[in-house]
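See structure below.
Where a number appears in this text, it was derived from the coordinates with a stated rule and is not lab data. Here the structure is a predicted model, which means the values were calculated and not measured. Counting neighbours? That spans all protein chains shown, and the Cβs are built from the backbone with ideal geometry, glycine included.
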Amino acid sequence: MKITAVTCVKNEGPFLLEWIAFNRVIGVTDFLFYSNDCDDGTDSLLDALAQHGIVTHLPNPAQGRNYQMEALKAARQEDIVLDAAWVWIADVDEFLNIHVGDGTIPELVEACGDPQAISLNFQFFANHGVETFSDEPVITQFLHSHNPDIWCDQLAIEVKTLVRHDFPLQYYGAHRPFFRKSIARARYPRWSDGSGNPVPHKFLVAANKRRIRRFPAHGARRFATLNHYALRSLDSYLVKNARGDVNRENRDFDDAYWRDRNDASYLDDSILRYEPRLRAEMAALARLDGIGALHDRCVARHREKIAALLADPGYVALRRTLAEAPTIPPVEARMIEMLEQGLPGP
């Protein structure tokens with residue numbers, strides 16, 4: 001089964017080998033990377049991996065606009081996508097944690113009844129006090145998250161989506177595909193959540209713009225969840241903040257973004273069952289001619305960037321603010337304060 005992963009990257013060099021190796025373990029066969037404005041060696045590492053036939057690497061086609069959506073539009077014309085049985089659109093900090101069988105995408109597809117799309121809810125993994133960057137697999141360092149069914153004050157949580165080749169596609173969204181509005185109701189795609197249940201109708205037809213990227217997570221994670229490591233270490237978060245959002249111009253990550261995703265109240269180490277296979281696959285990639293050295297260069301540049309940022313008083317202050325920030329998301333803190341004051345909730 002040909003399964004193509006499509007992603008956009010900017011300065012993700014230290015984390016590439018883990019993400020590629022993990023996705024190869026779960027059954028991804030092909031990779032389409034779009035990169036832009038990299039100065040940490042990401043592009044050089046991807047070029048070398050492309051020479052070994054591991055990935056396809058293209059420059060992001062966006063002209064100073066929405067990087068991800070322009071790339072996804074272009075991806076539809078690439079054979080690596082057109083020839084795929086399934087397309088998996090995800091970011092390098094997102095790992096599909098499959099709970100059935102050996103934890104592969106074909107097994108997930110079978111468990112869900114072979115629908116035309118499968119949307120998996122995010123589960124945001126907290127920093128949980130990890131301050132310094134370590135060149136170790138991210139999935140082994142961060143094992144705490146929010147309650148999987150509740151994020152901040154939300155029961156509906158965003159998703160990413162596996163899309164089958166025969167989905168009646170109008171266009172790929174970053175979180176979900178959209179189908180042609182002209183098709184008859186009887187021909188709507190068969191679309192499941194991570195438990196094999198049909199997705200809610202409003203989500204299916206994108207009837208409410210505020211909910212087209214999400215639906216309730218309760219009962220939707222039986223077969224898989226999507227581990228999202230948006231924070232990683234505190235020092236790597238500073239680099240992410242300096243880089244900005246790979247997907248959109250003029251978007252910064254601040255302490256509110258950090259606090260919303262740093263709820264460490266729930267231990268979930270289920271993804272560790274992949275660790276032996278992941279480390280073996282990472283080692284195999286690193287042994288390819290030139291790959292290990294290029295990975296090490298990306299790691300060195302990441303550390304150099306951290307050192308440069310920590311020479312800036314503004315980033316020193318931001319680091320201190322984040323390290324001392326409450327681990328309760330702001331909206332939950334406000335709700336607790338109102339309850340303590342005997343006021344009605346928001």
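Just from its helices, what would the mean residue ellipticity at 222 nm be for the chain, if runs of 4 or more DSSP H residues each count -39500 (n - 2.57) and the sum is divided by every residue, rounded to the nearest 500 deg cm²/dmol? Numbers along the way, then the final one.
On the way: 13 runs with 120 residues, N = 346.
Calculated mean residue ellipticity at 222 nm is -10000 deg cm²/dmol.
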*Using modelled amide H (1.01 Å from N, peptide plane; none on Pro or chain starts), what sits under 5 Å from the amide H of LYS160, excluding residues fewer than 5 places away?*
LEU120, PHE122
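Among 101-108, 202-209, how do they line up from the highest to the lowest mean number of other beta-carbon atoms within 10 Å?
Values: 101-108: 18.2, 202-209: 13.8.
Answer by packing, highest mean first, reads 101-108, 202-209.
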*DSSP-defined antiparallel bridges as percent of all bridges, the chain, nearest 5*: 55
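Quick check: from the Cα gyration tensor, does the range 100-162 come out rounded (a/c under 1.5), prolate or oblate?
Working: a/c = 2.99, a/b = 1.49, b/c = 2.00.
It is oblate, given that a/c is not under 1.5 and a/b is not larger than b/c.
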*Let a ≥ b ≥ c be the square roots of the eigenvalues of the Cα gyration tensor of the range 31-120; is it rounded (a/c under 1.5), or, if not, prolate (a/b larger than b/c) or oblate?*
prolate
*VAL9 long-range amide H proximity, modeled H, under 5 Å*: TYR34, SER35, ASN36
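Please state the charge dipole magnitude for the chain, taken about the Cα centre, from unit charges on C-beta atoms (+1 on K and R, -1 on D and E), reported in debye and rounded to the nearest 20. If you can, show how the numbers build up before the last one.
On the way: 40 positive and 47 negative charges, 300 e Å.
That gives the chain a dipole magnitude of about 1440 debye.
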*Which of these, PRO14, PRO330, PRO148, has the largest mean-square fluctuation under a Gaussian network model of the chain (Cα springs below 10 Å)?*
PRO330
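Arranged from highest to lowest average of other beta-carbon atoms within 10 Å per residue, in what order do the peptides 309-319, 34-44, 50-60 appear?
So the order, starting with the most tightly packed, is 34-44, 50-60, 309-319.
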*Non-local Lys pairs in the chain, i.e. 8 or more apart or on different chains, that have alpha carbons under 27 Å apart*: 19
*Hz values of 3J(HN,Hα) by residue in the range 216-226 - Karplus curve (6.51, -1.76, 1.60), Gly and Pro given as x*: x, 7, 4, x, 10, 10, 4, 9, 6, 9, 10
*Can you tell which of LEU272, TYR257, LEU285 lies farthest toward the positive end of the dipole of the range 257-300, using +1 and -1 charges on the Cβ of basic and acidic side chains (Lys, Arg; Asp, Glu)?*
LEU285
_If you average the C-alpha positions of the range 59-89 and of the range 193-240 separately, how far apart do those two centres end up, in angstrom?_
21
